[in-house]
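*Asks:* This is the structure I have questions about; it appears just below.
The values are calculated or read from the model by the stated rules, or taken from the named source; none is laboratory data. Being a predicted model, the structure only gives us computed values, none of them experimental. Here the Cβ positions follow ideal geometry from the backbone for every residue, glycine too, while neighbour counts run over all protein chains shown. What goes into the accessible areas is simple: the full protein's heavy atoms, side chains included, and nothing from ligands, DNA or RNA. Shrake-Rupley method; radii C 1.70, N 1.55, O 1.52, S 1.80 Å.
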Amino acid sequence: QKEVEQDPGPLSVPEGAIVSLNCTYSNSAFQYFMWYRQYSRKGPELLMYTYSSGNKEDGRFTAQVDKSSKYISLFIRDSQPSDSATYLCAIAMAFGNEKLTFGTGTRLTIIP
Amino acid sequence: GAGVSQSPSNKVTEKGKDVELRCDPISGHTALYWYRQSLGQGLEFLIYFQGNSAPDKSGLPSDRFSAERTGGSVSTLTIQRTQQEDSAVYLCASSPDRRQPQHFGDGTRLSIL
């Protein structure tokens, strides 16, 4: 079993829709959770990170963590064509821990 | 300011050749990481440097892979006797220290013929 499971998609939604991206993980020792966005032929860029269960909001993005279920989500409201990218979840034992464990990524396309 | 710079951006080489991939981290960042991203796979941790400490090499897949970091700045990842399964995007990241978020370069796309 992989330490982090992520549906690879692809996922296509119309502009303006709410997008839900999800990952599950297997080890309860993981404490820090991150979402990266990766455009084609670019490196990943950090979108959000959190370490507690519950929601964290930043503009149109909301990260949600449920440690009891080992389930993390990223919601994108009012999705835009510029949100079209691959979204990677990443988890760590401690923030800044060098061994980030990444999901395989979900490819998202927002249709104008 | 300037981000993490990687060179070359693309590299095509024949099986059995050695390759060197270069990473220039963000100025002042003491932590440097190498990852590999294969098609359909997530990022796979390779090696981590922190200041002058001994690097964490636990992610290197074989002894054909090695990395060094000179003067606490530029890093080179070397793959000897390349194999087709080494074809991937090699990503470098740096952070001010191990407790800060990692900033990624755009990677080197390596193709082994």
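*Asks:* Mind listing whichever residues of segment B:97-113 are of a type in the set (S, T, N, Q) and either within 13 Å of the chain's Cα centre (by Cα) or in a loop (DSSP other than H, G, I, E, B) (or both)? Working first, answer last.
*Replies:* In the first step, residues of segment B:97-113 are kept if they are of a type in the set (S, T, N, Q); the result is B:100, B:102, B:108, B:111.
Selection gives B:Gln100, B:Gln102, B:Thr108.
*Asks:* When you check A:Ile18 against the structure, is it open to solvent by less than 50 Å² (accessible area, probe 1.4 Å) and in contact with a strand residue (DSSP E or B) (Cβ under 7 Å, 6 or more places away or on another chain), yes or no? Explain how you work it out, then say what you get.
*Replies:* Values: open to solvent by less than 50 Å² (accessible area, probe 1.4 Å): no; in contact with a strand residue (DSSP E or B) (Cβ under 7 Å, 6 or more places away or on another chain): yes.
So A:Ile18 does not fit the description; no.
*Asks:* How many residues, within segment A:91-112, are modelled with pLDDT of 90 or more, assigned to a strand (DSSP E or B) and more than 8 Å from chain B (Cβ to nearest Cβ)?
*Replies:* 7
*Asks:* Taking segment B:13-53, which residues are open to solvent by 90 Å² or more (accessible area, probe 1.4 Å) and either modelled with pLDDT of 90 or more or more than 28 Å from A:Thr86 (Cα to Cα) (or both)?
*Replies:* Kept after step one, since they are open to solvent by 90 Å² or more (accessible area, probe 1.4 Å), are these residues of segment B:13-53: B:14-15, B:17-18, B:20, B:22, B:27, B:39, B:41, B:52.
Residues satisfying the conditions are B:Glu14, B:Lys15, B:Lys17, B:Asp18, B:Glu20, B:Arg22, B:Ser27, B:Asn52.
*Asks:* Taking segment A:49-63 only, how many residues are closer than 22 Å to A:Lys99 by Cα, more than 10 Å from chain B (Cβ to nearest Cβ) and either in contact with a strand residue (DSSP E or B) (Cβ under 6 Å, 6 or more places away or on another chain) or open to solvent by 70 Å² or more (accessible area, probe 1.4 Å) (or both)? Steps first, please.
*Replies:* Residues of segment A:49-63 closer than 22 Å to A:Lys99 by Cα: A:49-53, A:63.
If we keep only those that are more than 10 Å from chain B (Cβ to nearest Cβ) as well, we get A:50-53, A:63.
Then keep just the ones that are either in contact with a strand residue (DSSP E or B) (Cβ under 6 Å, 6 or more places away or on another chain) or open to solvent by 70 Å² or more (accessible area, probe 1.4 Å) (or both); that gives A:50-51, A:53, A:63.
Number of matching residues: 4.
*Asks:* Residue check, A:Asp78 against (1) at negative phi; (2) open to solvent by 70 Å² or more (accessible area, probe 1.4 Å); (3) outside any strand (DSSP E or B); (4) away from every other protein chain (no Cβ under 14 Å), all met but one. Which one?
*Replies:* Among (1) at negative phi; (2) open to solvent by 70 Å² or more (accessible area, probe 1.4 Å); (3) outside any strand (DSSP E or B); (4) away from every other protein chain (no Cβ under 14 Å), the lone unmet condition for A:Asp78 is (1).
*Asks:* A further question follows. For segment A:14-21, state whether one or more residues are touching a residue at least 60 places away in the same chain (Cβ under 8 Å), assigned to a strand (DSSP E or B) and touching a helix residue (DSSP H, G or I) at 6+ places or on another chain (Cβ under 8 Å).
*Replies:* Our first condition is that a residue be touching a residue at least 60 places away in the same chain (Cβ under 8 Å); within segment A:14-21, this holds for A:14-19, A:21.
If we keep only those that are assigned to a strand (DSSP E or B) too, we end up with A:14, A:19, A:21.
Of the ones still in play, those that are also touching a helix residue (DSSP H, G or I) at 6+ places or on another chain (Cβ under 8 Å) are A:19.
Checked segment A:14-21: at least one residue is touching a residue at least 60 places away in the same chain (Cβ under 8 Å), assigned to a strand (DSSP E or B) and touching a helix residue (DSSP H, G or I) at 6+ places or on another chain (Cβ under 8 Å).
*Asks:* State the number of residues belonging to segment A:34-64 that are in contact with a Lys or Arg (Cβ under 9 Å, 6 or more places away or on another chain) and either in a loop (DSSP other than H, G, I, E, B) or closer than 20 Å to A:Gln1 by Cβ (or both). Steps first, answer last, please.
*Replies:* If we filter segment A:34-64 for residues that are in contact with a Lys or Arg (Cβ under 9 Å, 6 or more places away or on another chain), which is where we start, we get A:41, A:44-50, A:52-53, A:59-64.
Filter once more, keeping what is either in a loop (DSSP other than H, G, I, E, B) or closer than 20 Å to A:Gln1 by Cβ (or both): A:41, A:44, A:52-53, A:59-60.
Number of matching residues: 6.
*Asks:* Which one of the conditions (1) of a type outside the set (A, V, I, L, M); (2) outside any loop (DSSP other than H, G, I, E, B); (3) at positive phi does A:Ser73 fail to meet, given that it meets all the rest?
*Replies:* The failed condition is (3).
*Asks:* Right, something else. Give the residue that is most open to solvent (accessible area, probe 1.4 Å), with candidates limited to residues of segment B:97-113 that are of a type in the set (A, V, I, L, M, F, W, C) and more than 8 Å from chain A (Cβ to nearest Cβ).
*Replies:* Here the answer is B:Leu113.
*Asks:* How about segment A:23-35: which of its residues are surrounded by 14 or more Cβ atoms within 10 Å (Cβ to Cβ) and either among the basic types (Lys, Arg) or touching a residue at least 60 places away in the same chain (Cβ under 8 Å) (or both)?
*Replies:* A:Cys23, A:Tyr25, A:Phe30, A:Gln31, A:Tyr32, A:Met34
*Asks:* Then there is this: Inside segment B:1-96, counting only strands (runs of 3 or more DSSP E) that do not spill past its ends, which hold 1 or more residues that are touching a residue at least 12 places away in the same chain (Cβ under 8 Å) and more than 13 Å from every other protein chain (Cβ to nearest Cβ)? Step through it out loud before you land on a result.
*Replies:* On the way: elements: B:5-7, B:10-13, B:19-24, B:31-37, B:43-50, B:65-69, B:75-79, B:88-95.
Where strands (runs of 3 or more DSSP E) fall fully within segment B:1-96 and carry at least 1 residues being touching a residue at least 12 places away in the same chain (Cβ under 8 Å) and more than 13 Å from every other protein chain (Cβ to nearest Cβ), they are B:5-7, B:10-13, B:19-24, B:65-69, B:75-79, B:88-95.
*Asks:* Just checking, does segment A:85-98 include any residue being free of Cβ contacts under 8 Å to residues at least 24 places away in the same chain and within 10 Å of the chain's Cα centre (by Cα)?
*Replies:* Scanning segment A:85-98, I find no residue that is free of Cβ contacts under 8 Å to residues at least 24 places away in the same chain and within 10 Å of the chain's Cα centre (by Cα), so the answer is no.
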